[in-house]
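Contents: one structure, followed by commentary.
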Amino acid sequence: MLDKLFEWGASAVVGASLLWLAQYFFRPVQRTIERHRARRAFDDNSDAFEKARSAAILTVGLRKASQPLVLNRLNVARAAFLCSELACAVVDDILLDAVVPASLRAEGAFRRFTCDPDRVDDVRRAMEDAVDWLQSVGVDVANMVLDITGGTSVMSVGAYTVAVSRGIDTMYVYSQYDSKRLPIAGTQRGVYVSRMSTATHDATMRTDANA
């Protein structure tokens, strides 16, 4: 009986050791796979500024960032800003920037949607409200884009999850920075995080082809 118990115990130790070794050696491989998967998500090198849009939804933090550039390059007719109560004044700074089309300052061309920047559920609620507003004034989701360059990480995550569920493209502005952490002119580029409208368009094309 003792021999049997000793055998089972030894087998359990050997098995646990082999499992630990397998996990130890597999972990770096798993990390490599995850990195490759993440990299594939950003394989699309298209410039997000190249596609014409009717409206943009932008996350806003406590200081003006790349939002004026986005509004200028996309030349949208309407803009929705996701911001905290404290950041509402920053929206005024964005709209008064010299590069922002004057038409966006007109009544009804823009709206602020306030939220708690550290609560995903509240950011999601504000994002849903922004999308509903744009749709109510005749903007299709295929002609919207979400820019998550500004604001908090929580705002980016919350807004992005709604964009995915509603079929809206998401982008951010890539920049090179100088020693003072200011964007270097001419290095800024619109980078897609996801291109929902392209996926929808491709799926529609495949459906039509198979019809």
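Would you confirm, using the coordinates I've provided, whether Asp140 is under 23 Å from Asp93 (Cβ atoms) and either at pLDDT 75 or above or of a type in the set (Val, Ile, Thr) (or both)?
Values: under 23 Å from Asp93 (Cβ atoms): no; either at pLDDT 75 or above or of a type in the set (Val, Ile, Thr) (or both): yes.
Against the criterion (under 23 Å from Asp93 (Cβ atoms) and either at pLDDT 75 or above or of a type in the set (Val, Ile, Thr) (or both)), Asp140 does not qualify.
Exactly one of (1) more than 17 Å from Pro117 (Cβ to Cβ); (2) more than 15 Å from the chain's Cα centre (by Cα) is unmet by Val70. Its number?
Unmet for Val70, out of (1) more than 17 Å from Pro117 (Cβ to Cβ); (2) more than 15 Å from the chain's Cα centre (by Cα): (2).
Can you name every residue in region 85-110 that is out of contact with any Phe, Trp or Tyr (no Cβ under 8 Å at 6 or more places or on another chain), buried (at least 17 other Cβ atoms within 10 Å of the Cβ) and in a helix (DSSP H, G or I)?
Within region 85-110, Val90 is the sole residue that qualifies.
Among the residues that make up region 181-197, is at least one of them over 18 Å from Asp47 (Cα atoms) and of a type in the set (Phe, Trp, Tyr)?
Initially, region 181-197 is screened for residues over 18 Å from Asp47 (Cα atoms), giving 181-182.
From what is left, the residues that are of a type in the set (Phe, Trp, Tyr) are none.
No, region 181-197 contains no residue that is over 18 Å from Asp47 (Cα atoms) and of a type in the set (Phe, Trp, Tyr).
Checking the condition assigned to a loop (DSSP other than H, G, I, E, B), modelled with pLDDT of 90 or more and aliphatic (A, V, I, L, M), which residue from Leu71, Leu62, Leu82 passes? Lay out the reasoning, then the answer.
Values: Leu71 fails: assigned to a loop (DSSP other than H, G, I, E, B); Leu82 fails: assigned to a loop (DSSP other than H, G, I, E, B).
Selected residue: Leu62, the only one of Leu71, Leu62, Leu82 that is assigned to a loop (DSSP other than H, G, I, E, B), modelled with pLDDT of 90 or more and aliphatic (A, V, I, L, M).
Do we find a residue being assigned to a helix (DSSP H, G or I), among the charged types (D, E, K, R), at pLDDT 95 or above and out of contact with any helix residue (DSSP H, G or I) (no Cβ under 8 Å at 6 or more places or on another chain) anywhere in region 111-123?
Initially, region 111-123 is screened for residues assigned to a helix (DSSP H, G or I), giving 120-123.
Now restrict to residues that are among the charged types (D, E, K, R): 121-122.
From what is left, the residues that are at pLDDT 95 or above are 121-122.
Now narrow it down to the ones that are out of contact with any helix residue (DSSP H, G or I) (no Cβ under 8 Å at 6 or more places or on another chain): none.
Looking through region 111-123, none of the residues is assigned to a helix (DSSP H, G or I), among the charged types (D, E, K, R), at pLDDT 95 or above and out of contact with any helix residue (DSSP H, G or I) (no Cβ under 8 Å at 6 or more places or on another chain).
I need a count of the residues in region 127-181 that are without any contact (Cβ under 8 Å) to a residue 40 or more places away in the chain and in a strand (DSSP E or B).
Residues flagged as without any contact (Cβ under 8 Å) to a residue 40 or more places away in the chain and in a strand (DSSP E or B) within region 127-181 amount to 4.
Under the condition of being surrounded by 17 or more Cβ atoms within 10 Å (Cβ to Cβ) and under 27 Å from Asp47 (Cβ atoms), which residue from region 124-141 is nearest to the chain's Cα centre (by Cα)?
The residue in question is Met127.
The values are calculated or read from the model by the stated rules, or taken from the named source; none is laboratory data. These figures come from a predicted structure and were not determined experimentally. Quick reminder, even Gly has a Cβ in these numbers, built from the backbone with ideal geometry, and neighbours come from all protein chains shown.
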